[in-house]
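I have placed the structure first, in the form of structure tokens, so that the comments after it can refer back to it.
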Amino acid sequence: QVQLVEIGGGLVQPGGSLRLSCVVSGSIFRINAIDWYRQAPEKQRELVAGISSDGTTNYVDSVKGRFTISRDSAKNTVYLQMNSLKPEDTAVYYCRERHYGSWGQGTQVTVSS
């Protein structure tokens, strides 16, 4: 099993930036594939971005060109750099490890003036 902790949420004005971190610990026998999800109030949780063990990345259309997912394998950390934030990006952001299916506890991102 693995444990995940999200760090870096907060309140930011529209057009601003935030960087989220997902720190992975536990049974790390490989470079873990990690996905970032988000869930806004009264909406379903949606996949935002992912990075595979070989470094392949994918993004939902609504964040392409604004969000960047990356990893630092030495720190067992996956980052989500979020630029040009919009009010509709407001949500609780979660990271998930694909092999074990483990989730973090989530971190709130609020984009508001």
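The values are calculated or read from the model by the stated rules, or taken from the named source; none is laboratory data. If you're wondering where the values come from, they're calculated on a predicted model, not measured in any experiment. Please note: Cβ atoms are built from the backbone with ideal geometry, for glycine as well, and neighbour counts cover all protein chains shown. These area figures cover heavy atoms from the full protein model, side chains too; ligands, DNA and RNA do not enter into them. Shrake-Rupley method; radii C 1.70, N 1.55, O 1.52, S 1.80 Å.
Annotation note: trypsin sites (Lys or Arg not before Pro) in the range 1-92 located in DSSP loop regions with a Cβ neighbour count of at most 11 within 10 Å are 30, 43, 64. The share of accessible area on the chain that comes from carbon and sulfur is 48 percent, using a 1.4 angstrom probe. With the cut-off at under 18 Å, measuring from each backbone N in the range 31-49 to a point 7 Å along the Cα-to-Cβ line of residue 73 picks out 31-35. In plain terms, the chain from residue 44 to residue 11 could stretch by 9.7 nm, reckoned as 0.36 nm per residue minus the Cα-Cα distance.
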